[in-house]
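What follows is a short report on a single structure.
Each value in this text was obtained by applying a stated rule to the coordinates, not by laboratory testing. Remember, predicted model here, so these are calculated numbers, not experimental data. Note that we place each Cβ from the backbone using ideal geometry, even for glycine, and neighbour counts take in every protein chain shown.
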Amino acid sequence: MIVGSALLFSLFIFPLWNITLEAPQYPDAIGMDIYINKFADQNPNDIKNINIMNHYVGMKDIPEQIPEFEIFPVVVIGMAVLGVIFGFVGKKKMYVAWFALMIVFGSLGMYDFYQWEYEYGHNLKENAAIQFTDEEGEPMSYQPPLIGSKMILNFKAISMPRLGAYLMFAGMFMTLIAFMLAKKEEAIE
């Protein structure tokens with residue numbers, strides 16, 4: 001439990017998520033890594049280039065700061081510290097409570113990420129230089145997928161977890177293992 005919850009601190013070092021755009025005009029894909037406290041270029045100047053492209057179809061710039069960058073670090077530190085405390089206390093019900101809280105906070109984070117993508121890809125400026133419409137003649141949206149890949153015009157948008165997310169999932173899994181081991185020890189006694 002202690003090691004699993006401490007793995008949350010890796011989110012301050014490794015990206016949580018990545019969005020990559022592949023297209024013929026970009027021999028090397030462009031993209032951004034998403035950390036719990038910042039957006040970062042996948043390659044030098046990627047976010048600048050994405051903002052330049054998106055400007056023409058009326059999308060907002062990817063901001064340097066969003067409110068979540070203030071909230072997520074506090075939640076991560078709080079959950080890591082809480083998990084370590086629960087680990088020292090050693091009560092299996094606390095392990096389940098911590099795991100459930102992680103599911104709730106993770107679900108809220110994914111919902112927030114989806115909302116951010118939706119807003120970013122649907123609320124376009126009406127005076128955009130280039131305007132595309134779908135088959136019904138409605139303005140096209142440019143929302144990247146929450147997870148997986150999707151074609152947006154001639155771009156393949158890929159949205160996937162990164163090392164920080166995998167370490168977080170490993171920590172959550174370790175908590176379940178700690179719960180099962182504690183339950184097994186209780187049954188033996």
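List every residue pair whose Cβ atoms sit under 9 Å apart, with the two residues 6 or more apart in sequence or on different chains, where the first one lies in region 28-44 and is more than 22 Å from L8 (Cα to Cα) and the second, anywhere, is in a loop (DSSP other than H, G, I, E, B).
Going by the 9 Å Cβ cut-off, the qualifying pairs are D28/N43; A29/Q42; A29/N43; I30/Q42; I30/N43; I30/N45; G31/Q42; G31/N43.
Find the helices (runs of 4 or more DSSP H) located wholly in region 1-100 whose residues include 2 or more that are farther than 30 Å from I177 by Cα and out of contact with any Pro (no Cβ under 6 Å at 6 or more places or on another chain), and list them.
The helices (runs of 4 or more DSSP H) meeting that bar are 46-56, 68-89.
Determine, yes or no, whether S141 is surrounded by 15 or more Cβ atoms within 10 Å (Cβ to Cβ) and in contact with a His (Cβ under 7 Å, 6 or more places away or on another chain).
Numbers: surrounded by 15 or more Cβ atoms within 10 Å (Cβ to Cβ): yes; in contact with a His (Cβ under 7 Å, 6 or more places away or on another chain): yes.
Yes: the conditions hold for S141.
Against the condition over 18 Å from the mean Cα position of the chain (by Cα) and β-branched (V, I, T), how does V76 come out, does it pass? Spell out how you get there, then give the answer.
Numbers: over 18 Å from the mean Cα position of the chain (by Cα): no; β-branched (V, I, T): yes.
So V76 does not fit the description; no.
How many residues, within region 114-139, are touching a residue at least 24 places away in the same chain (Cβ under 8 Å), of a type outside the set (V, I, T) and either in a loop (DSSP other than H, G, I, E, B) or touching a Cys at 6+ places or on another chain (Cβ under 9 Å) (or both)?
9
Can you tell me which residue in region 1-45 is nearest to the chain's Cα centre (by Cα), limited to those that are polar (S, T, N, Q), farther than 17 Å from F72 by Cβ and surrounded by fewer than 19 Cβ atoms within 10 Å (Cβ to Cβ)? Give the steps one after another, and end with the answer.
Our first condition is that a residue be polar (S, T, N, Q); within region 1-45, this holds for 5, 10, 18, 20, 25, 37, 42-43, 45.
With the extra rule that they be farther than 17 Å from F72 by Cβ, the set shrinks to 20, 25, 42-43, 45.
Then keep just the ones that are surrounded by fewer than 19 Cβ atoms within 10 Å (Cβ to Cβ); that gives 25, 42-43, 45.
On the way: Q25: 27, Q42: 15, N43: 19, N45: 21 Å.
It comes out as Q42.
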